[in-house]
Amino acid sequence: MSDEKLYPVTEAWKKRAFVDRAQYDEMYKASVEDPDGFWGEHGKRIDWIKPFTRVKNTSYDPHNVSIKWFEDGTLNVCANCVDRHLETRGDKVAIIWEGDDPDDHKHITYRELHAQVCRFANVLKANGVKKGDRVTIYMPMVPEAAYAMLACARIGAVHSVVFGGFSPDSLAGRIQDCDSKFVVTADEGVRGGRTIPLKANTDEALKKCAGGEKVLVVRRTGNDVPWDPSRDLWLHEETEKVSDDCPPEEMNAEDPLFILYTSGSTGKPKGVMHTSGGYLVYTSMTHQYVFDYHEDDIYWCTADVGWVTGHSYIVYGPLANGATTLIFEGVPNYPDASRFWQVVDKHKVNIFYTAPTAIRALMGAGDDYVKKTDRSSLTLLGTVGEPINPEAWEWYYHVVGEERSPIVDTWWQTETGGILISPLPGAIDQKPGSATLPFFGVQPALVDNEGNEIKGEGQGNLVMLDSWPGQMRTVYGDHDRFVQTYFSTYLGTYFTGDGCRRDADGYYWITGRVDDVINVSGHRMGTAEVESALVAHPKVSEAAVVGFPHDLKGQGIYCYVTLMAGEEPDEALTQELRQWVRKEIGPIASPDVIQYAPGLPKTRSGKIMRRILRKIAEDDFSNLGDTSTLADPSVVDNLVSNRQGGR
Ligand code: WTA
């Protein structure tokens with residue numbers, strides 16, 4: 001579209017960046033024409049114990065989906081993130097930790113990181129954790145969360161990090177699904193001046209599931225917590241019993257590195273499995289090129305390690321590159337809405353990566369909170385997690401970045417392991433709201449609902465035509481679900497679940513999910529999960545959940561609830577249902593709107609017509625489509641006249 005604003009790459013950035021436009025075009029062409037040659041070369045960016053001789057061996061054929069990269073190479077991911085920097089960067093700061101309290105911070109050098117991780121790994125070993133075992137990590141944003149992940153990688157255990165905001169039920173489901181016998185947690189977490197009872201939550205979770213035979217507890221606040229001496233271990237006591245010598249385990253490139261649960265359109269969250277070699281090559285390479293990371297940059301990604309962004313762009317990508325990565329325990333508005341920028345000034349952050357929802361919230365708090373800080377250290381800004389609306393983009397660019405820093409709007413997913421579509425700051429002119437162009441080796445395409453490819457300008461479902469090294473390998477314990485979810489919709493391609501538009505310049509504009517996944521403040525949620533939480537309440541007979549546009553959160557959660565016969569809705573019940581869902585899933589799933597509905601729009605075969613429910617939630621009654629095929633068309637009138645929320 002011609003009316004879109006364009007922010008060309010500045011001369012200064014063309015000079016400083018690793019690649020300019022001509023180099024991007026050349027490298028991109030090479031990467032898709034000869035993936036073996038391209039990745040064979042770039043695969044050498046990490047240290048291999050036994051070098052690979054095979055590069056790409058991947059198939060999207062639904063009868064035989066198989067994804068392998070560098071399959072005969074061996075390595076250790078932790079050694080790549082820690083040991084290999086000791087010689088040249090031993091005294092360099094690996095992790096800057098900024099506590100929730102603005103007076104709290106710590107610097108951890110690579111040498112210290114090495115000692116901490118080795119001890120942690122020895123504690124795991126001493127307590128029976130072996131190569132291939134699954135370890136659940138339910139932690140606040142403290143350095144020990146990264147130590148725990150790296151310690152697992154060091155000994156070949158597979159970590160499953162569960163976001164600290166999830167409820168005991170959600171934690172129990174994830175412990176159970178991957179049959180994890182070992183849990184790492186903290187006494188409490190601290191966020192925005194409040195404590196989060198992580199240990200108590202863990203205790204509750206373990207009552208609800210098998211597994212969790214040992215619980216290793218990091219002392220964060222020192223407050224009293226319930227204790228089971230037959231099961232619970234303090235990290236600070238255990239580390240005293242072990243040495244800091246722990247040789248890294250030799251792992252195959254395709255050995256699992258981690259499982260991370262994520263929501264899909266149906267059923268329970270699935271365990272996205274990533275492996276070692278390809279993942280590390282891909283995350284370290286994207287971290288270098290997308291953030292144009294240079295040796296002395298201070299890099300800060302504000303995500304939580306409970307999400308994939310924390311895995312790939314707080315821990316693995318940056319540390320593989322020997323970067324200084326900042327881990328922030330707090331929230332953007334505590335003590336006040338200047339906090340992000342105060343942290344930037346305090347630690348002289350150069351590269352800053354956050355989510356649109358945080359940008360919108362800070363924009364709402366007013367420019368003064370930004371303007372009273374300096375921010376002159378910033379050179380590059382990034383966003384991830386949901387589409388960024390052009391207004392928020394402009395504010396980020398002009399007010400936060402003072403027009404000096406390009407913005408990399410990075411599109412990717414838990415499943416993709418790393419960034420797939422994003423501008424490279426020295427190469428690609430930016431358009432506010434567009435993730436722009438694919439990274440090396442990434443081949444996006446748009447298809448219509450019948451699977452026909454849309455060439456040139458157009459809009460459709462976003463798929464990938466071929467594999468890249470960071471791609472997930474399977475759903476843990478359920479390869480059929482992997483095939484079904486991603487490779488059976490549009491044959492021969494990986495289906496992302498996102499809708500997308502391509503403009504005349506070939507730029508990609510993500511329009512949001514086309515499936516029953518919603519994105520609330522950048523947190524991915526299956527509407528089915530919220531529905532099953534609601535129907536678990538004794539007064540609820542049926543529920544249907546859809547997303548609706550929300551100024552701050554991007555999407556809000558709109559619930560249609562049918563009560564059991566004889567139950568009457570009132571405000572108290574609405575509050576009770578909200579609390580119920582928070583308890584079942586976690587506060588991030590808290591319903592924004594609950595509308596009581598005597599009936600839901602269903603086809604004669606009983607399928608809920610979500611399209612209609614979405615339209616009503618969006619306050620768009622003009623286009624409800626054909627309702628004549630409904631079993632009872634009159635329910636729609638009732639839903640329309642009882643729509644909740646503002647207009
Ligand atoms: C959405 C987060 C638009 C998208 C890394 C995707 C985005 C889902 C962007 C994955 C972006 C992520 N622009 N939409 N820059 N980044 N998304 O698995 O719908 O938590 O499918 O991974 O977030 O969310 P996930």
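Among the listed residues Val117, Val135, which satisfies the condition of being under 21 Å from Glu188 (Cβ atoms), of a type outside the set (Asp, Glu) and surrounded by 24 or more Cβ atoms within 10 Å (Cβ to Cβ)? Explain how you work it out, then say what you get.
Details: Val117 fails: under 21 Å from Glu188 (Cβ atoms).
Selected residue: Val135, the only one of Val117, Val135 that is under 21 Å from Glu188 (Cβ atoms), of a type outside the set (Asp, Glu) and surrounded by 24 or more Cβ atoms within 10 Å (Cβ to Cβ).
Residues that are closer than 25 Å to Leu86 by Cβ, within 16 Å of the ligand (Cβ to nearest atom) and not hydrophobic (A, V, I, L, M, F, W, C) do occur in region 269-279. Quick check: anything in region 498-521 of a type in the set (A, V, I, L, M), surrounded by 22 or more Cβ atoms within 10 Å (Cβ to Cβ) and more than 30 Å from Ala365 (Cα to Cα)? No, region 498-521 contains no residue that is of a type in the set (A, V, I, L, M), surrounded by 22 or more Cβ atoms within 10 Å (Cβ to Cβ) and more than 30 Å from Ala365 (Cα to Cα). Among the residues here, Val520 qualifies as among the β-branched types (Val, Ile, Thr), in contact with a His (Cβ under 9 Å, 6 or more places away or on another chain) and at negative phi. Checked across region 445-465, the condition of being assigned to a loop (DSSP other than H, G, I, E, B), touching a helix residue (DSSP H, G or I) at 6+ places or on another chain (Cβ under 9 Å), within 13 Å of the ligand (Cβ to nearest atom) and under 27 Å from Val281 (Cβ atoms) holds for no residue.
Among the residues making up region 536-574, those that are within 20 Å of Asn638 (Cα to Cα), of a type in the set (Gly, Ala, Ser) and free of Cβ contacts under 8 Å to residues at least 24 places away in the same chain are Ala543, Gly566. In region 395-410 there is no residue matching the filter, namely being within 8 Å of the ligand (Cβ to nearest atom) and either among the hydrophobic types (A, V, I, L, M, F, W, C) or surrounded by fewer than 21 Cβ atoms within 10 Å (Cβ to Cβ) (or both).
Between Val442, Val370, the distinction of being out of contact with any Pro (no Cβ under 9 Å at 6 or more places or on another chain), of a type in the set (A, V, I, L, M) and surrounded by fewer than 23 Cβ atoms within 10 Å (Cβ to Cβ) belongs to Val370 only.
FYI, it's all coordinate maths here, none of it is from the lab. Note that the structure is predicted; figures quoted are calculated from it, not measured. Every residue, glycine among them, receives a Cβ derived from its backbone with ideal geometry; neighbour counts consider all protein chains shown.
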